[in-house]
Structure formats: C-alpha cells, structure tokens
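The values are calculated or read from the model by the stated rules, or taken from the named source; none is laboratory data. Worth saying up front: this structure is predicted, and the values here are computed from it rather than measured. Heads up, the Cβs are rebuilt from the backbone with ideal geometry, glycines too, and the neighbour counts pull from every protein chain shown. Ligands, DNA and RNA are stripped out before the accessible areas are found, and what is left, the full protein with its side chains, is counted by its heavy atoms. Shrake-Rupley method; radii C 1.70, N 1.55, O 1.52, S 1.80 Å.
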Amino acid sequence: MTDTSKAADGTRRDSRWGDLERLRRSSPMCDAVIDDVRGRQIRCGDHWLTDFASCNYLGFDLDPEIMDAIDPQVRRWGTHPSWSRLLGSPRLYPQIEERLTELLGAPDTLVLPTITLIHSSVIPVIVGTGTVFVDAEAHRTVYDGCLMARGLGATVKRCHVGDLVELEQLLRAASANESRLVCVDGVNSMSGNLADLPALARLCRSYDALLYIDDAHGFGIVGERGPAESCPYGSRGNSIVRHFGETYDGLVLVGGFSKAYSSLLAFIALPTWLKEHLKVAAAPYLYSGPSPTASLATALAGFDVNASRGDTIRADLWRRSARVLGHLAALGIHTPNTSGLPIIEIPLASSSDLESVGSFLWDHGVYVTLAAYPLVPRSRVGFRIQVTAANTDEEIDRLNETLSALAERFDLQPQA
C-alpha cells in the first residue's frame, strides 16, 4: 500500500467524522448548490427556501448603495490588485484602516484577507514559545492557530474561560518569564452569547497576559452603549470592546467584514508597534494575495451605510430576532441564546433525529445551518438559525409557524 493509500485509509477509519459525512451525503441542507437568490429566498434546483443560514446579518449583501460602489473602484483598480501587501497596497487599504480605527476607537488596525489567515499567522507571532490558553468553545480556526503556535514551540492549554477560577489557576501556574496569551470568542458562533469581557480583561491584566478576542460574529452588530441607542445591541456596531466600555490595554481584537459587512476582508485591532512588526512577521501580509477590489469597495461603502442607517438596521434585526426567541420561549423550547443576538441554536433531544429534522425543515422551505457531531458535542446536535435584517416579517412569521410544527413532530430540548 502506498503512503497516499495509507493516509486515505486512515481518514476513512476516523469515525469522528462519520455522522457529518453521512449527513453531507444524505441531507439536501448540506453541501448544497444555490442556483438563484432573490432577497432571502434561495433556489436549489426547483425548490425555493427562506434563507436562515446566511451570516449577512445587516443585509449589506443586498444593499443597492453598497452594490453600486463596486463598479467605480473596479474600473479604477481592476478586479484584483494582485500584490502582496508588503509589495504594495491600493489606496483603498489605508482608507479602510483609517475609518476602521476611528470606528473601533482602537490604537491602530491592520487589514488582511480573512480571520482564518490572521489566527494562523498572528497567534504564533504573539505567543512565541510561551503559553496560549484557548477556550474550549473558541472557534475551530482559533484552535488551529494555536496548534500552529504549538508547532513552533508554544505550549497550548485548553480551558473554560467561563470558569474564571480555573483560568486564574492556569495563569498563576504559568511562568511569569514567558509570554501568556488567552484566546476567546467575543460572541460564541453557536450560542450567540457574549463573553464576560470585563472580567476576562481584568484577570488577564492582573497576570500580564494578553487577551486575544475573535469578534467575528460581534463586529457590526454589538457596539457602544448609551441613552441614544436604538436597541440593546448598542450603537455603531463597533465591537464587543466598545459594547462593554473596555479599553485596548492588554487586548487585541480580531474581526471580519464577512459577516455583518458581507465582504471578504478581516482585521486586527492592535498597538501600532505590533502592526509594524506583523508587516514583516505575519505571512499573509508578506505572501498572500489580497482581497478582491469588490470586497475593498463594499467594505468602504459599508462604513457609509453603517454611519447613516446602521442603527436603524440593527434595531430591525434585534426586533426580528426577539420575535423568534420569544416564540421559542412560548413553545418551551430550549436555546442557549441569552443575549438576544441573531444566532439562535436549537439543540435536539435526540441527536439521531438530525437528518429527519433537516428534511422536515427543507420540505417546509426553511434553510438553516445543521450542526452535527463533531462540529458540536452530541448534547448540542441540532440546528442554528441566523436572522438577518434582510429577512422580512412575513418570513419570520413562516419560520415561527414551521418551528411550531417541528415541535409537534420531534423532541426538542425543553427549557430548564
């Protein structure tokens, strides 16, 4: 048997992926090809569904003002100014970084193509041969970045950042002479809940550990609080840091435009000295092809829409999300979402029902994110609803009707 055949055989025998592989083969909700999009209605073959799997939370992917901004920039810069950033950056990049820095109230920002590239390159640079403490519920891409760091000499310890006593014990046990990095999601990508940032920041500062936050699902949605806010998400969508009134002292924030801003772009908010260091130490800045011009154009236009209409859009998003969460509460169905954010996880009572539940939702014209093991623990196998500002009230009505019918047909986890 060749080495390639042995590797393939080993992959086939890895039973961890059995449930997900079966679901991928059998469910039309997995690995689907989308043939048409009309608002939040999507067509797969001849079947139309309402899309509740999109992460385009603010509906910027369908905003005419943002779409109209693409053509002028493409005419000027071409479809893809294909320099690595070390060689040259179109003027669009510093414009984005200047506006982003102001919006976040950060010391500085560095824009790179994706959050995944940031995690895999920046975490190893920051921690060096020190210790990184990664939350057990952090996004897989954060964990992969920590594994990259381990391959370069760092120590990786998984922890539960919701348990501050545990985290403090780990920080106390680590050598004070080495770098210490704590990695956590700002908004959990399944539950939609926010990390206790003030408590984490205080603890990390007391042990001189750097707090590294992935705010992929928070940026653009949650923002600074104040009496003029249009909804409990806060104003301006300027991140979990501003939402809790925190500073960037001992903290770096990673976020992306691919969710709320519907654009292929990501950033890290950081001190200027670290930005300058990453320009020679982070592989994506040195080697990666940049984001396409359309993404840069839509990010810039998104700032304008966010400034003029963003808080109104967020208020609509909060209201529609609250309608779904309220309906689940009335049905007595458990969801871990306590934040009111538009990420609504619904675990099943029996994980073996997932394929049938997916088929039921498909037949009723509702498209969601199915969450199989090992993507989530078996106790949380189920599906995730993502509400967006582009979903209509009528679509929310039909979703709630479908959830009522689903609850009559299948066992869902009850409220505690």
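Quick notes on this structure:
- Which numbered condition G128 misses (of (1) in contact (Cβ under 8 Å) with a residue 60 or more places away in the chain; (2) surrounded by fewer than 17 Cβ atoms within 10 Å (Cβ to Cβ)): (1)
- Hits in region 231-242 (condition: over 15 Å from P342 (Cβ atoms) and open to solvent by 10 Å² or more (accessible area, probe 1.4 Å)): S235, R236, R242
- Single condition H139 does not satisfy, out of (1) without any contact (Cβ under 8 Å) to a residue 60 or more places away in the chain; (2) open to solvent by 60 Å² or more (accessible area, probe 1.4 Å): (1)
- Single residue of E178, E166 found to be surrounded by 13 or more Cβ atoms within 10 Å (Cβ to Cβ), farther than 22 Å from E345 by Cβ and in contact with a His (Cβ under 7 Å, 6 or more places away or on another chain): E166
- Pick from region 358-378, criterion without any contact (Cβ under 8 Å) to a residue 60 or more places away in the chain, open to solvent by 40 Å² or more (accessible area, probe 1.4 Å) and assigned to a helix (DSSP H, G or I), ranking: nearest to S404 (Cα to Cα): D363
- Residue match in region 176-183 (condition: more than 21 Å from A149 (Cβ to Cβ) and in a strand (DSSP E or B)): no
- Options L110, L100: the member that is in a strand (DSSP E or B), modelled with pLDDT of 95 or more and either in contact with a Cys (Cβ under 7 Å, 6 or more places away or on another chain) or not β-branched (V, I, T) (or both): L110
- Against the test of being assigned to a helix (DSSP H, G or I) and not basic (K, R), the options L20, L86 yield a single qualifying residue, L20.
- Residue satisfying all of: in region 379-402; within 20 Å of S352 (Cβ to Cβ) and either over 26 Å from the mean Cα position of the chain (by Cα) or not polar (S, T, N, Q) (or both); surrounded by the fewest Cβ atoms within 10 Å (Cβ to Cβ) among these: R380
- Residues being modelled with pLDDT under 95 and either of a type in the set (K, R) or buried (at least 21 other Cβ atoms within 10 Å of the Cβ) (or both) - total across region 322-357: 1
Residues checked against (1) open to solvent by less than 10 Å² (accessible area, probe 1.4 Å); (2) of a type in the set (D, E, K, R):
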residue: D185; (1), (2): no, yes
residue: S189; (1), (2): no, no
residue: P198; (1), (2): no, no
residue: R202; (1), (2): no, yes
residue: L211; (1), (2): yes, no
residue: G220; (1), (2): yes, no
residue: A228; (1), (2): no, no
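- Subset of region 144-162 [in a helix (DSSP H, G or I) and either touching a strand residue (DSSP E or B) at 6+ places or on another chain (Cβ under 6 Å) or buried (at least 22 other Cβ atoms within 10 Å of the Cβ) (or both)]: G145, C146, A149, R150
- F303 meets each of the listed conditions (1) within 21 Å of the chain's Cα centre (by Cα); (2) buried (at least 22 other Cβ atoms within 10 Å of the Cβ); (3) closer than 30 Å to R76 by Cβ apart from (2).
- Options L194, L211: the member that is farther than 30 Å from L348 by Cα, among the hydrophobic types (A, V, I, L, M, F, W, C) and touching a helix residue (DSSP H, G or I) at 6+ places or on another chain (Cβ under 7 Å): L211
- Test for I313: is it modelled with pLDDT of 95 or more, assigned to a strand (DSSP E or B) and closer than 22 Å to I221 by Cβ: no
- Cβ separations smaller than 8 Å between residues 6+ apart or across chains give the following pairs from region 46-66 residues that are part of a strand (DSSP E or B) to residues that are among the hydroxyl-bearing types (S, T, Y) and open to solvent by 20 Å² or more (accessible area, probe 1.4 Å): L49/Y367; T50/Y367; D51/Y367.
- For region 243-268, filtering for residues that are crowded, with 24+ Cβ neighbours inside 10 Å and under 23 Å from T388 (Cα atoms) leaves 13.
- Restricting attention to region 87-115, the residues that are closer than 21 Å to K259 by Cα and either among the small types (G, A, S) or in contact (Cβ under 8 Å) with a residue 60 or more places away in the chain (or both) add up to 19.
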